[in-house]
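What follows is one structure encoded as structure tokens, with my remarks underneath.
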Amino acid sequence: MKRTIFIFLLAITWPSTQALFTVTSEQDSYDGELHKKITMGCRFSPVEKSQISQLSVIWQRVEPLPVMEVYRLEKGVEIRNVTDGQFQNRAQLLKDELKKFRAVLELFPLQISDSGTYQCIVKHKEADYKKTTLTVRAPYRPVRKNIRRLNNEEVELSCESQGFPLAHVDWSEEELTRRMNNTSEKTSEGTYKLTSRVTVTGNVIKNYTCSFMEEKKTGPSATFNIPGEIPVRSNWSHGYAAVGVISVMCLGFAVTSLILHWRRKGQKNKGSMSTVCITSEPNLTVTSADFLIPKKDAKPDSFSVSSEGEQIYSLTNVIYNVLQRK
């Protein structure tokens, strides 16, 4: 008797069970890469081919809030004016896949802000939906390294890279990792520009390596060869500074001498006045007219000046000697 009742109930409910329209997600989660393309899909119960054009498909991003409309197809017609501005011209439905009973959303190019939970809704007389998660990452770029001399004994090593999410930096020595100074800056694309700095002794032969760790996986790294990569101090800058200072002082000396000369009332000009600066090159002098004139009787580091210009010359000579020693 019980068996007969069960068969009777099954026969009554079977048609309604068969008619139930369902949607299933092809994947629970998706991983995407910044600026790349991704497709996310859901499957729905088979329908007659003639009914494909009557399908409605809606893709939404439901988390984080607020809910955003990504794509909408109403009975075969795209409705673009409801698409949220963040997804304008970046989202489309692969319509050929509808014949395979798949509602496939394509997003391109991906942005960091696309990460979240998406909802696929399919309607055909009845409606059903499923959710899936998208996570967009940006692999960290090759490390940009820099060495800066702090003093005669210490140098600062720095590693810089950019990506998403925020990475962790490890140095080849645990002590350095504990002492490192990290700074991060968010870019307009939502990625992080991460810089790690450590201070080490520059006169010890050693290699130091920084590694960017992305979710416990080793990302890009860079190695410093110390002291081989420490920039050598150049004397060129001191030479240019010396030339610049001497040129300015000579010009100032010439102007001062001219002013004093003009103020001597009642005195006649007995000769053309010129100011001479002696360079370290033998038999070569520089006049206030900026011409190089050979002078047979010139003695390096000495010339005759008026009493009014003695102090200026003395100051020039002192500065020149100091710069020469550097």
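The values are calculated or read from the model by the stated rules, or taken from the named source; none is laboratory data. Note that this is a predicted model, so its numbers are computed, not measured. Heads up, the Cβs are rebuilt from the backbone with ideal geometry, glycines too, and the neighbour counts pull from every protein chain shown.
Asn203 meets all of the listed conditions (1) of a type outside the set (Asp, Glu); (2) at pLDDT below 95; (3) outside any loop (DSSP other than H, G, I, E, B) but one, namely (3). Just so you know, in the stretch 103-144 the residues that are of a type in the set (Lys, Arg) and surrounded by fewer than 18 Cβ atoms within 10 Å (Cβ to Cβ) include one that is nearest to Pro66 (Cα to Cα), and it is Lys131. If the condition is being under 18 Å from the mean Cα position of the chain (by Cα) and either more than 18 Å from Cys210 (Cα to Cα) or not in a strand (DSSP E or B) (or both), then the stretch 165-191 contributes Pro165, Leu166, Ala167, Glu185, Lys186, Thr187, Ser188, Glu189, Gly190, Thr191.
Reported count of residues in the stretch 128-145, each being farther than 25 Å from Gly190 by Cβ and either in contact with a Ser or Thr (Cβ under 8 Å, 6 or more places away or on another chain) or basic (Lys, Arg) (or both), is 2.
Every listed requirement among (1) of a type in the set (S, T, N, Q); (2) under 24 Å from Lys125 (Cα atoms); (3) at pLDDT below 95 is met by Thr4 save one, (2).
Quick one: would you say Glu97 is touching a residue at least 24 places away in the same chain (Cβ under 8 Å) and closer than 26 Å to Pro139 by Cα? Considered against the rule, which asks whether it is touching a residue at least 24 places away in the same chain (Cβ under 8 Å) and closer than 26 Å to Pro139 by Cα, Glu97 comes out as no. Can you find a residue that is closer than 25 Å to Tyr192 by Cβ, buried (at least 17 other Cβ atoms within 10 Å of the Cβ) and among the basic types (Lys, Arg) anywhere in the stretch 71-83? Looking for residues that are closer than 25 Å to Tyr192 by Cβ, buried (at least 17 other Cβ atoms within 10 Å of the Cβ) and among the basic types (Lys, Arg), one finds none in the stretch 71-83, hence no.
Please work out which one of (1) farther than 28 Å from Gly190 by Cα; (2) part of a helix (DSSP H, G or I) is the condition Gln86 fails and give its number. Result: Gln86 passes all but (1). With respect to the stated conditions, Gly202 fails to be on the phi > 0 side of the Ramachandran plot, surrounded by 14 or more Cβ atoms within 10 Å (Cβ to Cβ) and of a type in the set (Gly, Ala, Ser). Can you confirm whether Glu160 is under 20 Å from the mean Cα position of the chain (by Cα), of a type in the set (Asp, Glu) and loosely packed, with under 13 Cβ neighbours inside 10 Å? In short, no. For the stretch 23-66, how many residues meet the condition of being within 17 Å of Cys120 (Cβ to Cβ) and polar (S, T, N, Q)? Within the stretch 23-66, residues that are within 17 Å of Cys120 (Cβ to Cβ) and polar (S, T, N, Q) number 8.
Which residues, counting only those in the stretch 100-127, are over 24 Å from Thr187 (Cα atoms), of a type outside the set (A, V, I, L, M, F, W, C) and modelled with pLDDT of 95 or more?
Kept after step one, since they are over 24 Å from Thr187 (Cα atoms), are these residues of the stretch 100-127: 100-106, 118-127.
Then drop every residue that is not of a type outside the set (A, V, I, L, M, F, W, C), which leaves 100, 102, 106, 118-119, 123-126.
Passing the criteria: Lys100, Arg102, Glu106, Tyr118, Gln119, Lys123.
A search for C-beta distances below 7 Å between a residue of the stretch 182-200 that is free of Cβ contacts under 8 Å to residues at least 24 places away in the same chain and any residue that is small (Gly, Ala, Ser) and surrounded by 15 or more Cβ atoms within 10 Å (Cβ to Cβ), counting only pairs 6+ apart in sequence or on different chains, returns Asn182/Ser196.
It is to be established whether one or more residues within the stretch 122-138 are of a type in the set (A, V, I, L, M) and more than 29 Å from Leu93 (Cα to Cα). The answer is no; no qualifying residue exists.
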